[in-house]
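First comes the structure, then the notes that go with it.
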Amino acid sequence: MKELVEFIAKSLVDHPEDVSVDVTEDEREVTLALRVAAADMGQVIGRQGRIAKAIRTVVKAAAVKDGRHVTVEIVD
């Protein structure tokens, strides 16, 4: 999942070297914290959050295939 989020984010931003994903795992849930450069934040979120919602949808679909619950957070 981490590689999927990194690939999508690096494809969207102007500074792909600043993209990082931190993984936190609980018993039931995996949380992916996506960090990008401040200048690229708007490109990852998109208008009215559409791109962020699409990223979350793709990751959730991939997680269902693995039988896991994954949450994507975009942090500063």
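General remarks:
- Residue count for segment 17-37 under the criterion of being part of a helix (DSSP H, G or I) and either surrounded by 15 or more Cβ atoms within 10 Å (Cβ to Cβ) or at pLDDT below 95 (or both): the result is 1.
- Residues of segment 1-47 that are among the polar types (S, T, N, Q) and either over 12 Å from the mean Cα position of the chain (by Cα) or more than 17 Å from Val75 (Cβ to Cβ) (or both): Ser11, Thr24, Gln43.
The values are calculated or read from the model by the stated rules, or taken from the named source; none is laboratory data. In this text, all values refer to a predicted model and were calculated from it rather than measured experimentally. All Cβ positions, glycine included, derive from the backbone under ideal geometry; neighbour counts span all protein chains shown.
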